[in-house]
Amino acid sequence: MGGPVVEMSHAEGWDFQAGAEVGPLSPQEARARDSAGLPYVVAYRAAGSAGPFEVRLVSWRDHYAGVWVYDEHGRRVEHLELRLLDEDRLLRRYTERWVYAGPEVPEFERSSDRTVLELFPGGTGLAVAQTSGRRGAHDGDGAGPR
């Protein structure tokens, strides 16, 4: 009946190389930062798991929320960028997904399938599907391979 237990942690930032929080925060401190528009991070893990399955980076003063989804091998498989348009509306501005051929394939391997969807406030957008390769490997800076 009960599903897996999810553990949630909060921090001031996220180290993409280490896959870990930087500057741990209590839930109350994270709530206060959210109310003030200051940046913070929420990481979600399955109980007992070393790595996260999702990391959310939030900075309302920058009108930004980013979501990184991880697979069971610790690789990022999806990146969402949300933009706060006004007090009540978020725009899913950017989505990027990677499909790895197997568990041994490194994160952002250039031979991996990749799809990108960009949406703009005026109602236009761009969709790109790249199969078996793209313009170059990711440099590991955490900003995504744009």
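Structure data summary
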| read-out | value |
| --- | --- |
| Solvent-accessible area per residue, Å², over the chain with all protein chains present [probe radius 1.4 Å] | 58 |
| Shape call, the chain: gyration tensor on alpha carbons, a/c limit 1.5 | oblate |
| Residue-span extension gain [ASP15 to TYR44] - 0.36 nm each, minus C-alpha spacing | 9.0 nm |
| Label point distance in nm, VAL5-LEU90, each placed 7 Å from Cα along Cα→Cβ | 2.7 |
| The chain: most fluctuating residue of ASP113, ASP15, ASP88 per GNM, C-alpha cutoff 10 Å | ASP88 |
| Along the chain, longest interval not containing exposed GluC sites (Glu not before Pro), exposed being DSSP loop plus at most 14 other Cβ atoms within 10 Å | 1-71 |
| Accessible surface of the chain, 1.4 Å probe, proportion on carbon and sulfur as whole % | 53 |
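The values are calculated or read from the model by the stated rules, or taken from the named source; none is laboratory data. None of these values were measured; they are calculated from a predicted model. Don't worry about glycine lacking a Cβ; one is built from the backbone with ideal geometry, like all the others, and counts go over all protein chains shown. All accessible areas refer to the heavy atoms of the entire protein, side chains included, with ligands and DNA or RNA removed. Shrake-Rupley method; radii C 1.70, N 1.55, O 1.52, S 1.80 Å.
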